[in-house]
1. Under 15 Å from the Cα of Lys416, which aspartates and glutamates turn up, not counting those fewer than eight places away in the same chain?
2. Considering segment 312-414, what Rg and Dmax in Å follow from its alpha-carbon atoms?
3. Which aspartates and glutamates have a Cα less than 20 Å from the Cα of Lys255, not counting those fewer than 8 places away in the same chain?
4. Calculate the spin-label point distance for Ala151 paired with Ser90, positioning each point 7 Å from the Cα along the beta-carbon direction, and give it in nanometres.
5. Could you tell me the largest-minus-smallest coordinate of the C-alpha atoms of segment 212-284 on each of the three principal axes, in descending order and whole angstroms?
6. Between segment 21-95 and segment 220-255, how many Å separate their Cα centres?
7. Could you compute the net charge surrounding Arg127? Neighbours are other residues with a C-beta less than 12 Å from the C-beta of Arg127; K and R count +1, D and E count -1.
8. Please get the size of the charge dipole for the chain, origin at its Cα centre, with Cβ charges of +1 on Lys and Arg and -1 on Asp and Glu, quoted in debye to the nearest 20.
Amino acid sequence: MALSDGIPAWGQLRGHGGPVRALAVAPDGRIAISGGFDQSAILWGIDQGVALAILRFHDGAVNAVAALQDGRFATASEDGRIALWQAGRSEPVEIFSDHAGPIVSLAISPDGTSLASASWDGTAHVRPLSGGPVRVLQGHAGNVNAVAFLADGRPVTGGYDATLRIWPLVDAADPPLVVQLPSPINSVVVMSDGEIAAAGADSIVRFLAADGSIRASVDLATNPVIGLASSPDGQRVAAATVAGTVAMIHRLTAKVEFNLVGPGLPVWSLAFRPDGTELLTGGGDRLLRRWDAKSGEPIGPLAMVRPADSLAAYKGDRGAEVFRACVACHTLTPEDGNRAGPTLSGVFGRRIATADGYNFSQALKNLDIVWDARTISKLFEIGPSRYTPGTKMPEQTINNADDREALVRFLERATKTQSPRVGIRRRRPPASHGRGNNPPR
């Protein structure tokens, strides 16, 4: 889909069908790119509030995006692939598939010549954009959640193993500098003067020198930090939390100046515009929100609108409460369509991987499963990866038998269509069967 198509967004920067997992702003400040749990990336005209192009390529959530200095964009996904895009092109101009696990962070080197990626395969890669060998950074014990560059081009990584690692400029016998922190690291940013901000599960934003020493810490109480962004002048760091707030921190004083308060859903991503006057955020409500970075006030009439609660009509229903964590990925009615996962409208009696308008993997298409009370219960009893190999659905089980049966009964009521299929026997789940979040795909 070309930029010139000028597709209008729903309201202000509304267009994703799932949480907005990644954000970046182009160097000219006019265009933003977002990545969503709905497997798409969207290019936005920020001031116009319109989606300029919807980029569909990945087979999983788009967890990371980057805006290159030459006008191109990069997207990376849980499918382990990186795609490079040129404005006006509907297909990637280059694809890289050297990671063996989901990619969750991207960074552009200060000189614009290299692209770094962090992956849950336990590595970070540094790729020359002009071509050539990929440098593989190995050493983290587990997921690598964040990557950035120091001003001199040295990569910095943060991982689930609670270590921050500062790597040599080039491959050498010298090991990286390893800084052990108290809890897993979710995000890392680097300021132009070389100071590093790192934050994660313990809700503390730490400011570190390039030698690994900690200069200051800011405790954001009990809200784990899942995203960081530095203002262009390096004076401020914005920290996004799972509680839906964003703390604007004055870096030198290590004090919170104010909090941006949204609808109480996780804020997964954030980015400053190049002049530093505005902050963009993306979160669990599927919106990109614009904020005045100086005052913390929302920009635009829809900036503080809480999304409609699609489960309000089922208040008090235990099955609906179990299903609540699934609404970011699935809808219950045909008019709401597909999100990151297919709509569940009419799911009972439907063969796996046959919902209209959804791109299923070939592995799912080859399975001989018809969704009914028994098979849906079984899915959550043993987990998606065992019951439906090849699924893109997050791994989870429902261990409580009552919760599992309540979910099945809720779905049986809430997903009925006007013309139910005939000839399919719907069986009750075994009484001994049981907590999970996303229904079947």
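Each value in this text was obtained by applying a stated rule to the coordinates, not by laboratory testing. Being a predicted model, the structure only gives us computed values, none of them experimental. Backbone-built Cβ (ideal geometry, glycine too); neighbour counts: all protein chains shown.
1. Glu335, Asp336, Asp372
2. Calculated on Cα positions, Rg and Dmax stand at 13.0, 39 Å.
3. Output for Lys255: Asp193, Glu195, Asp202, Asp219, Asp233, Glu278, Asp292, Glu297.
4. 4.5 nm
5. 33, 30, 22 Å, listed from the longest principal axis down.
6. Measuring centre to centre over Cα atoms gives 24 Å.
7. -1
8. Dipole magnitude for the chain comes out near 1740 debye.
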